[in-house]
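**Q** Got a structure for you, questions after.
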Amino acid sequence: SVVAVPPLLLHLTMMAAKVHGVDGTGVVFRTHEILDRRRGAFPAASPLRLHAFAASMCASTDSSKMMLLGSSKASSSITTSADARVASLSFVLASCLCFLPRRFRASASLALRRRRGRPCCRHFVLHCESAREAASASSGAAARWDVPPAVKQVGYGAAGVRYVWEWESGESVHFERAGPPANCNSSAYAVVLVHGFGAECGYFGPQLDAIAEANGVAYAMDLFGQGRSWPAEDPTFDASSSAGAELEGGGGISSWKEWGWGSSIQKSFRKDVAFGEPTWLRQIARFLQEVVTEKDVYLLGNSLGGYLAAKVAALDVGREGQSSRIRGLILANATPFWGWTREGFTPWDGRLPAPFWIKPLATFWFGALRANIGSMLRLVYATPDNDDVCADLMALAKRIEDSSAHPMGASAFASILFAPQTPPSFGDALDSVSEEGLPTLLLYGNDDPWIVPWWAERAAQR
């Protein structure tokens with residue numbers, strides 16, 4: 001099995017594993033042991049999946065502990081030397097190389113499963129958006145709610161009322177809220193739903209409906225820099241230009257086609273404008289404090305949203321001397337790691353303005369991802385050729401493409417890419433919620449090509 005790994009990728013994986021304090025050889029053999037169970041369906045997929053699986057675990061020390069040691073208490077020697085920087089860059093290169101064959105192997109695997117008649121399930125399927133918006137406007141989605149001062153209604157969404165929350169000066173967060181009919185007693189509990197990377201709150205439509213029918217209140221928000229959550233104008237300007245001087249004094253809207261690549265931050269914005277994990281954790285925590293008014297709160301996170309929800313829950317329930325309103329946690333295919341760098345590890349930490357050298361890489365990478373949104377979505381749906389599912393996928397892909405076309409899309413992607421990991425780790429977060437006795441539900445797809453079931457087993461052991 002090891003012989004099947006191209007020498008370059010094996011070298012990059014082993015280098016990164018060594019610097020991050022992991023036994024790379026153990027990773028390779030352990031990963032093949034897991035993949036051997038799936039070899040029968042598509043033999044060529046095993047070594048291909050190994051590349052991404054083994055390389056991605058090197059992105060964070062937490063994931064390596066979950067894989068090999070099973071305990072966050074285990075020690076690991078992490079360096080911040082030049083070798084560590086080279087290893088982390090090697091991880092990025094290895095991940096890029098692994099991404100190329102992903103579409104082929106996943107599509108072939110899905111095709112074989114369909115030919116063999118394996119049962120498939122549909123997850124997070126959307127209905128016709130226009131019909132749902134009309135239903136929201138005429139149903140209990142507009143149940144009475146004492147709207148917080150920083151929140152204003154902007155319309156109707158897939159299953160609820162659409163709002164905008166200005167959480168920072170010039171920075172707005174879009175969310176949908178659905179609740180029981182106005183003639184029902186007000187609900188005592190809320191469910192806050194957090195989407196995955198690159199997505200938006202609209203695909204939670206069926207969940208918003210179900211929660212409202214169960215006499216609960218559902219909130220689904222767009223993470224900052226995703227969906228409809230963006231700055232109102234370009235937070236940066238070029239200090240060397242006359243236009244930049246005008247912006248600094250009066251704060252007009254920039255005429256640049258692309259935002260975020262200026263050399264300075266406008267005075268009307270906070271000095272640490274950024275996207276990525278640290279910002280998203282703060283956004284969710286403040287959303288719970290300033291927007292969600294119900295007494296009891298449950299967090300539901302999908303993919304990246306599950307990773308963030310686990311951390312927010314751990315930090316909230318673990319606060320000394322303060323009671324938490326979080327009563328439960330639902331993790332749907334939660335990714336066990338995110339990001340590839342730590343504070344002080346790279347010359348840039350994702351806070352704007354972005355350095356000049358990152359723009360070519362970020363713009364190229366972001367453009368490549370945007371060009372393959374539909375293809376990537378097809379990989380994670382069990383029956384993408386089903387007419388209903390295909391229609392839903394096309395609608396979701398169109399919304400993601402529209403949101404990523406924002407003039408700040410590329411610079412936000414660069415900020416997300418370089419944003420450092422924030423403690424606690426995902427494994428430590430699961431330990432914390434377990435120690436506090438917080439009820440946690442783990443939902444994982446058996447055929448997910450990215451978050452494979454083995455991660456569910458490791459998370460359950462926590």
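The values are calculated or read from the model by the stated rules, or taken from the named source; none is laboratory data. It should be emphasised that the depicted structure is a prediction, and the values quoted were computed from it without experimental measurement. Note that each Cβ is placed from the backbone with ideal geometry, even for glycine, and that neighbours are counted across all protein chains shown. The area values use the complete protein model at the heavy-atom level, side chains included, leaving out ligands, DNA and RNA. Shrake-Rupley method; radii C 1.70, N 1.55, O 1.52, S 1.80 Å.
**Q** Please specify each residue of the range 386-401 satisfying the condition of being buried (at least 19 other Cβ atoms within 10 Å of the Cβ) and either of a type in the set (Asp, Glu) or assigned to a loop (DSSP other than H, G, I, E, B) (or both).
**A** ASP392
**Q** Then there is this: Is it fair to say VAL297 is at pLDDT 95 or above and part of a loop (DSSP other than H, G, I, E, B)?
**A** no
**Q** Further question on the same structure: Does ILE416 satisfy being surrounded by 19 or more Cβ atoms within 10 Å (Cβ to Cβ), in contact with a strand residue (DSSP E or B) (Cβ under 7 Å, 6 or more places away or on another chain) and under 26 Å from LEU300 (Cβ atoms)?
**A** no
**Q** Let me ask something additional. Restricting to the range 437-456, what's the tally of residues that are open to solvent by 30 Å² or more (accessible area, probe 1.4 Å) and closer than 18 Å to LEU300 by Cα?
**A** Final tally of qualifying residues: 7.
**Q** So, one more: Can you find a residue in the range 176-189 that is open to solvent by less than 10 Å² (accessible area, probe 1.4 Å), of a type in the set (A, V, I, L, M, F, W, C) and out of contact with any helix residue (DSSP H, G or I) (no Cβ under 6 Å at 6 or more places or on another chain)?
**A** No, every residue in the range 176-189 fails to be open to solvent by less than 10 Å² (accessible area, probe 1.4 Å), of a type in the set (A, V, I, L, M, F, W, C) and out of contact with any helix residue (DSSP H, G or I) (no Cβ under 6 Å at 6 or more places or on another chain).
**Q** Limited to the range 334-365, what total is found for residues that are of a type in the set (Lys, Arg) and not in a loop (DSSP other than H, G, I, E, B)?
**A** Qualifying residue count, the range 334-365: 2.
**Q** Out of the range 428-462, which residues are in a helix (DSSP H, G or I) and free of Cβ contacts under 8 Å to residues at least 40 places away in the same chain?
**A** SER434, GLU435, PRO453, ALA456, GLU457, ALA460
**Q** Oh, and also: Within the range 366-381, is even one residue more than 28 Å from TYR444 (Cβ to Cβ), in a helix (DSSP H, G or I) and touching a residue at least 40 places away in the same chain (Cβ under 8 Å)?
**A** Yes, because at least one residue in the range 366-381 is more than 28 Å from TYR444 (Cβ to Cβ), in a helix (DSSP H, G or I) and touching a residue at least 40 places away in the same chain (Cβ under 8 Å).
**Q** Sort out which residues of the range 300-323 are of a type in the set (Gly, Ala, Ser), closer than 17 Å to ASP428 by Cβ and not in a helix (DSSP H, G or I), and write them in order of number.
**A** GLY301, GLY318 - these are the residues of the range 300-323 that are of a type in the set (Gly, Ala, Ser), closer than 17 Å to ASP428 by Cβ and not in a helix (DSSP H, G or I).
**Q** A follow-up question, please. Just one of (1) farther than 30 Å from ASP392 by Cβ; (2) over 19 Å from the mean Cα position of the chain (by Cα); (3) at pLDDT 90 or above trips up SER323, so point out which.
**A** Looking at each condition in turn, SER323 falls short on (3).
**Q** Considering only residues of the range 332-353 that are polar (S, T, N, Q) and on the phi < 0 side of the Ramachandran plot, which is farthest from the chain's Cα centre (by Cα)?
**A** THR346
**Q** Just to be sure, is THR383 of a type outside the set (A, V, I, L, M, F, W, C), open to solvent by 40 Å² or more (accessible area, probe 1.4 Å) and either touching a Pro at 6+ places or on another chain (Cβ under 9 Å) or farther than 17 Å from GLU277 by Cα (or both)?
**A** In short, no.
**Q** Quick test of your reading of the structure: ARG286 fulfils all but one of (1) open to solvent by less than 40 Å² (accessible area, probe 1.4 Å); (2) in a helix (DSSP H, G or I); (3) under 30 Å from ARG144 (Cα atoms). Name the failing condition by number.
**A** (1)
**Q** Moving to a separate point now. Suppose we filter SER303, SER263 for residues that are of a type in the set (Ser, Thr, Tyr) and surrounded by fewer than 21 Cβ atoms within 10 Å (Cβ to Cβ); which single one remains?
**A** SER263
**Q** Another question, if that's okay. Which one of these is within 30 Å of SER324 (Cα to Cα) and either open to solvent by 10 Å² or more (accessible area, probe 1.4 Å) or free of Cβ contacts under 8 Å to residues at least 12 places away in the same chain (or both): SER404, SER425?
**A** SER425
**Q** Another one. Return yes when THR293 is within 22 Å of the chain's Cα centre (by Cα) and open to solvent by 10 Å² or more (accessible area, probe 1.4 Å) and no when it is not.
**A** no
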